[in-house]
Ligand code: URA
């Protein structure tokens, strides 16, 4: 890929476009070992070697992270008041990262964060029914009737009922524990499905999205890069659909 030198440096998080232009003009940047003072110089991201004040700067087109989202942070790219899921990705290089889909502020678990808009768009398209698996604690007894209702789809007040969903009861008690697989991503969907059968979600965590599962070594608030295989699986998921 060929891009301008100032964009290359700004994309890699070395400053705003105006700042990196100044650095280039001041002679702080080399291309293949030679100082280049022209911000518009075209760079081949696969071939050229760029250094910023003597430090090599490799180009990464796409970044992919798996975050175990903690409760209390918002699934947005930026927010004036609240901590966002992007703020938690300390090692990010690129500007323009965002979460693929949203989890409520009080929901925990798997969130994939990337700058690959095309992949996100396809995975989130309502026409593609990507599995999302949740673990939840529910106030009150969850019953086989709930399992049957969910398997038929429930009316949550939208134009159409939900698609069939698989409810598995791990423990039915004063506080029940369940796993639920849904194939859509409607607003507050899990909470609204339980509300539709007269129950309340008191804890919610996403465990899986498509073929990518939350790494159980990640504590809430921790993240890691997706492996190449996981990225491959997400991308091939998109082709399978
Ligand atoms: N369903 C919900 O109700 N909340 C979430 O955060 C995710 C799915």
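The simple Förster model, with R0 at 45 Å and r as the Cβ-Cβ distance, assigns residue 17 and residue 207 a FRET efficiency of 0.65. Sorted on the mean count of surrounding Cβ atoms within 10 Å across their residues, most packed first, peptides 94-101, 168-175, 115-122 read 94-101, 115-122, 168-175. The stretch between residue 62 and residue 78 holds 3.9 nm of extra length on full extension. This uses 0.36 nm per residue minus the Cα-Cα distance. Ranked by the mean number of other Cβ atoms within 10 Å per residue, highest first, peptides 138-145, 7-14, 225-232 order as 7-14, 138-145, 225-232. The modelled label-to-label distance between residue 229 and residue 172, using points 7 Å beyond Cα along the C-beta direction, is 3.8 nm. The C-alpha atoms of the chain define a longest principal axis, and helix 228-240 lies at about 60 degrees to it. Please state the shape class of the chain: rounded when a/c is under 1.5, otherwise prolate if a/b exceeds b/c and oblate if not, all from the C-alpha gyration tensor. Verdict is prolate for the chain. Cβ-Cβ distance of residue 32 and residue 222, R₀ of 51 Å, FRET efficiency by 1/(1 + (r/R0)^6): the value works out to about 0.85. From the Cα gyration tensor of the range 103-228, with a ≥ b ≥ c the square roots of its eigenvalues, which class applies: rounded if a/c is under 1.5, or else prolate if a/b is larger than b/c, or else oblate? Oblate is the answer for the range 103-228, as a/c is 1.5 or above yet b/c matches or exceeds a/b. By the helix-only formula, in which each DSSP H run with n ≥ 4 contributes -39500 (n - 2.57) and the sum is divided by residues, the chain has a 222 nm mean residue ellipticity of -6500 deg cm²/dmol.
An ellipsoid equivalent to the range 2-56, defined through the eigenvalues of its Cα gyration tensor, has semi-axes of 14, 12, 10 Å when rounded to whole angstrom and sorted largest first.
Every number here is computed from the coordinates shown, using simple stated rules; none is lab data. Computed from a predicted structure; not experimentally measured. Virtual Cβ from ideal backbone geometry, glycine too; neighbours counted across all protein chains shown.
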